[in-house]
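Only one structure is covered here, and it is reproduced in the block below.
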Amino acid sequence: MPDIFTTRATTVIGGDIAFLSKKEFDGKIVTDEGFLGATGTLCTLTANTGKDMYLARAKIIVHNNLVNQVAFNNVIQLQQNAVVLETAEISVGSGTVGGSSAVVYEFKNIGQKVLASQVIRLECTGLSANADVVGFIKCFEEDTGESPTP
Amino acid sequence: MPDLFTAVPPKIIGGDVAYLAKKEFDGKLRTDEGFLSATGDLATLTANTGKDMYLARAKCVFHTNGSSSATNAANDRVELLINAVIVETAKYTQSNIGNNSPGVMALEYEFKNVGHKVAASQVIKLEVVSLDSETDVEGFIEVWEEDTGVDPSA
């Protein structure tokens, strides 16, 4: 007689790519990208009504804007509902005898959740006149209270 | 007597490598690579008829090409486009790479916006929109295809 009452084991193959492509398939992915040459909000996402929103990816690229000076004290914060979770402080060089490449920083504090109408964002709180910054965040939404894993 | 009511937990096998290897095994994986010294399409893939196409990997490498200009190089910029929409940008600058400077390192940038989907005949591509004469760039994208409407995790 078959075991008709036991929930069958599901074999799950894959990591982040599989997980995020499934969220894309389900229409749950939201992203934002921004560029700044001064302090301010770099990119921001707000959880929709009836949704919990989870952070999947956040990164910045800080690069010298070729004014020919060292660019220092560049500070970008990852904020969850206005609370600072993680901070990137990056200096990039330039000068008369050589410079440096752009610096990529990927925030590590992923998986964080905000509730409906709350915000996940990257905030640039310090930026040298000699630096520019690119930022990107990727989130997915679930119905309020739903587990993000099936 | 068997335990009729206990839910069996999912069995997790591998990570991204296992997932992509399975797509390759199923004949679903596609890639493209390109090299540019000027602006233009760096790497591009178009979803086939009857297929949805998902982005698995995208990266580019900026590097000096050995020219000995003493001037600052302009902003170099590569964009990831999903069906003609810019979803992510890589930027790079190099300054004062003249004869007496120590030079700058190449920058490998891996795009973070993976998992995106396009429908049949739509395009995923890397486009170089700005590149100075002292920089070259290499780019690569990896995707897989599913029959239209089929769950990629199935």
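The values are calculated or read from the model by the stated rules, or taken from the named source; none is laboratory data. If you're wondering where the values come from, they're calculated on a predicted model, not measured in any experiment. For neighbour counting, all protein chains shown are included, and Cβ atoms are generated from backbone atoms with ideal geometry for every residue, glycine included.
Tell me, yes or no, whether region B:58-65 has at least one residue that is at pLDDT 85 or above, more than 11 Å from chain A (Cβ to nearest Cβ), surrounded by fewer than 15 Cβ atoms within 10 Å (Cβ to Cβ) and in contact with a Ser or Thr (Cβ under 8 Å, 6 or more places away or on another chain). No, region B:58-65 has no match at all.
Of everything in region B:112-130, what is touching a residue at least 60 places away in the same chain (Cβ under 8 Å) and within 14 Å of chain A (Cβ to nearest Cβ)? Give them in sequence order. If you could, list the steps in order and put the result at the bottom.
Quick first cut of region B:112-130, residues touching a residue at least 60 places away in the same chain (Cβ under 8 Å) only: B:115-130.
B:Gly115, B:His116, B:Lys117, B:Val118, B:Ala119, B:Gln122, B:Ile124, B:Val129, B:Ser130 - these are the residues of region B:112-130 that are touching a residue at least 60 places away in the same chain (Cβ under 8 Å) and within 14 Å of chain A (Cβ to nearest Cβ).
Considering region B:133-154, and only residues there that are at the interface with chain A (Cβ under 10 Å from one of its Cβ atoms) and assigned to a loop (DSSP other than H, G, I, E, B), the residue that is farthest from A:Ile17 (Cα to Cα) turns out to be B:Gly149. Region A:1-99 holds strands (runs of 3 or more DSSP E) entirely within its bounds, and those carrying 2 or more residues that are modelled with pLDDT of 80 or more and touching a strand residue (DSSP E or B) at 6+ places or on another chain (Cβ under 7 Å) map to A:29-36, A:40-46, A:51-64, A:71-80, A:83-92. If you go through region A:110-133 and keep only what is among the polar types (S, T, N, Q) and modelled with pLDDT of 90 or more, you end up with A:Gln112, A:Ser117, A:Gln118, A:Thr125.
Please go through region B:38-52 and pick out each residue that is surrounded by 13 or more Cβ atoms within 10 Å (Cβ to Cβ) and either within 15 Å of B:Ser153 (Cβ to Cβ) or modelled with pLDDT under 95 (or both). Once the filter is applied, which keeps residues that are surrounded by 13 or more Cβ atoms within 10 Å (Cβ to Cβ) and either within 15 Å of B:Ser153 (Cβ to Cβ) or modelled with pLDDT under 95 (or both), region B:38-52 yields only B:Asp52.
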